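What follows is a single structure, and I will ask about it in a moment.
Taken together, the values in this text are just the output of simple stated rules run on the coordinates, not laboratory data. The shown structure was predicted, so the numbers you read here are calculated from the model rather than taken from an experiment. Here the Cβ positions follow ideal geometry from the backbone for every residue, glycine too, while neighbour counts run over all protein chains shown.
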Amino acid sequence: MIITNESFMQFLTEINAKVECPVCSSIGWSVSATYRMDTAFQENDIVINHLPYAHFDEHEGRSTSFVGGTPVLFASCDMCGYIRLHSYKLVQMQIALMSLRQQQGERDAK
Ligand SMILES: [Zn+2]
């Protein structure tokens, strides 16, 4: 699922989240976590950002990343560039539920 700026703002409103930037207090976020592009897996694939997993060696004090990670959605403030981070899976699920409720409401209104 591609998450647009509009659907992200609807998500924030739906869950009563703060929409003001904690740094500059402006309202306006640009979602830049989901793209469509050709990948090694398929054409026109959905590409998202993630935070990679890593092994931490306590003796050496170093980390080594490896394949896999946590899917994330980040949005940057249009004014100051502050970046907020959300779980991609949770936002995607909430937006899908909002869409289902909206469809049911439209069906019930007919
Ligand atoms: Zn800001």
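Give all pairs with beta carbons closer than 8 Å in which a residue from segment 90-110 that is within 20 Å of Pro71 (Cα to Cα) meets a residue that is charged (D, E, K, R); count only pairs at least 6 apart in sequence or on separate chains.
Correct list of pairs: Gln94/Glu14.
Here's something else I'd like to know. Could you figure out which of (1) assigned to a strand (DSSP E or B); (2) out of contact with any Phe, Trp or Tyr (no Cβ under 8 Å at 6 or more places or on another chain) isn't true of Leu90?
Result: Leu90 passes all but (1).
If I filter segment 20-67 down to residues being outside any strand (DSSP E or B) and within 16 Å of the ligand (Cβ to nearest atom), which single residue comes out as surrounded by the most Cβ atoms within 10 Å (Cβ to Cβ)?
Ranking the candidates gives Cys21 first.
Also: Mind checking which residues of segment 68-87 are outside any strand (DSSP E or B) and not charged (D, E, K, R)?
Result: Met79, Cys80, Gly81, Tyr82.
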